[in-house]
Amino acid sequence: MEEFLPLASEEELKEEICKTMRRLFNRGLISALGGNISARLPGASEFWITPSGVFKGELETEDLIKVDLEGRVIEGYLRPSIETPFHAMIYRRRADVNAVVHSHNPIATGLALAGIEIKPVTVEAAVVLRRVRIVPWAFPGTDALAKLVGEYIEGARALVLMNHGVVGVGSNLLEAETIVETLEEVATAQFVASMFKRDLPLIPEEDMELIKRLYGV
Ligand SMILES: [Zn+2]
């Protein structure tokens, strides 16, 4: 994945959150009320998050809420996303993460429901996703879910939340967006292939090693 320059200001960060939300909505990965995004300036101890109960396809920067790493509201008029606890948990646990995208990817979620592990079937999956971990069911918005996400996100970039959706993290918004998009692309390719073939041809071990060396993953 390319390296992107860190965003310069909070205003630009908020703009980027809204744009990312619209793109993912248009791709069908975020629905009218389902899915949320947060981001912080690199290493900041507070972050901006999308609101709860508001149509996700047309968010404006004034709809966003600023919260601290305990999830307490600092700025904004609306209620923060009900998933604020797991976003806060990720920022507390991962100093390298500055953006979190939670979307409701239908195919990635479906594969997890069917007990199928998402595998590195494409080069992009191997480079971008690495290992996709499946978080067991916990009720949305609870501390129990935040605790599980906190455990599973160690060393991971992509999670599937059982019976729910997915989480992608990155050092910036574009990286986190790329994770959830790639997850859906790979899940779709794997789903199509599995209609016709039981044992899918994975990228050979030695080439996986080469990818690891080339991309430092
Ligand atoms: Zn959700």
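The values are calculated or read from the model by the stated rules, or taken from the named source; none is laboratory data. Quick caveat: nothing in here was measured; it's all calculated off a predicted structure. When we count neighbours, we look across all protein chains shown, and the Cβ atoms used for this are built from the backbone with ideal geometry, even at glycine. Accessible surface areas use protein heavy atoms only, side chains included; no ligands, DNA or RNA. Shrake-Rupley method; radii C 1.70, N 1.55, O 1.52, S 1.80 Å.
With contacts defined as alpha carbon pairs under 8 Å and 6 or more residues apart, what's the relative contact order of the range 88-145 in percent?
Working: 21 pairs, mean separation 9.2, N = 58.
16 percent.
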Quiz item: Helix 10-26: angle to the longest alpha-carbon principal axis of the chain, degrees 0 to 90, nearest 10?
Solution: 50
Quiz item: How much solvent-accessible surface does Glu16 expose, in Å² to the nearest 10, with a 1.4 Å probe and all protein chains in place?
Solution: 50
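In percent, how large is the relative contact order of the chain, given Cα pairs closer than 8 Å and 6 or more residues apart?
Details: 423 pairs, mean separation 42.8, N = 217.
Reported relative contact order: 20 percent.
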Quiz item: Could you name the lysines in cross-link range of Lys14, using Cα to Cα under 26 Å and dropping any fewer than eight places away on the same chain?
Solution: Lys56, Lys66
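From the square roots a ≥ b ≥ c of the eigenvalues of the alpha-carbon gyration tensor of the range 33-115, which class results: rounded (a/c under 1.5), prolate (a/b over b/c), or oblate?
Oblate, since a/c reaches 1.5 and b/c is not below a/b.
Eigenvalues of the Cα gyration tensor times 5, then square-rooted: what semi-axes does that give for the range 143-217, in whole angstrom, largest first? List each step's numbers first, then the result.
Numbers: eigenvalues 118, 72, 32 Å².
So the equivalent ellipsoid measures 24, 19, 13 Å along its semi-axes.
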Quiz item: If you count, for each residue, the other Cβ atoms within 10 Å and average over each peptide, how do 39-50, 95-106 line up from highest to lowest?
Solution: 95-106, 39-50
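Mind checking the full-extension length gain between Lys147 and Tyr77? Use 0.36 nm per residue of separation minus the Cα-Cα distance, one decimal, nm.
Numbers: separation 70, 0.36 × 70 = 25.20 nm, distance 2.72 nm.
Taking 0.36 nm per residue and subtracting the Cα distance, the gain is 22.5 nm.
Can you order the peptides 54-63, 108-117, 191-200, 173-182 by their average number of other Cβ atoms within 10 Å per residue, highest first? Could you put the intermediate results ahead of the total?
Values: 54-63: 15.0, 108-117: 16.7, 191-200: 10.1, 173-182: 23.0.
The densest-packed peptide leads the list: 173-182, 108-117, 54-63, 191-200.
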Quiz item: Helix 173-196 versus the longest principal axis of the chain: what angle, 0 to 90°, nearest 10, using Cα atoms?
Solution: 30
Quiz prompt | Radius 11 Å from Cβ of Pro51, net charge of other residues (Lys, Arg +1; Asp, Glu -1) | solution = -1
